[in-house]
Amino acid sequence: MTDPSLSFTIFQRHPQRAQALASGDLIDVTAIAREDTFAWPTAITRRACDAAIALQRVESEPVIVQDNADRIRQLLRIAHDEILKRSALDRTRLEFTVPVEKRATTLILVSTTDNDGNPALTIGVPEEFRLPDPGTEHP
């Protein structure tokens, strides 16, 4: 049976996870994730990284800029804590929010598979995890 998560718009451009990683549309954060949150290979989409990891400097206000690895760890811990609050059946697609400066950014974590069919996690913005409309062509 085909993994339904592969129909998400993020995977329409790159049917293979390896292609998305090679193109830079997915950023591999597995090493950081394995430090203390997730054992499965984990990737963050470029759009999610831009929205939640790459902090913008605000000239009019003092902003403490975190190292990207620390910011990724924080994001992964928030996702992990949200997973622990859910039942096992409610863990394949998880919406959660992360603080970014003075606002909250909504992200989605989905349980997918890698190119070999092994479990993998992908984090992105909600628009990337909408199922395409039936009959709609995607690039």
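The values are calculated or read from the model by the stated rules, or taken from the named source; none is laboratory data. Just so it is clear, the model here is predicted, and its values are computed rather than measured. So basically every Cβ, Gly included, is an ideal-geometry build from the backbone, and we count neighbours across all protein chains shown.
The table for this structure:
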{"item": "The stretch 93-123: number of residues that are closer than 18 Å to Asp70 by Cα, in contact (Cβ under 8 Å) with a residue 24 or more places away in the chain and not hydroxyl-bearing (Ser, Thr, Tyr)", "result": "5"}
{"item": "Identity of the residue in the stretch 28-54, among the aliphatic types (A, V, I, L, M), surrounded by fewer than 18 Cβ atoms within 10 Å (Cβ to Cβ) and at pLDDT 85 or above, that ends up nearest to Leu84 (Cα to Cα)", "result": "Ala39"}
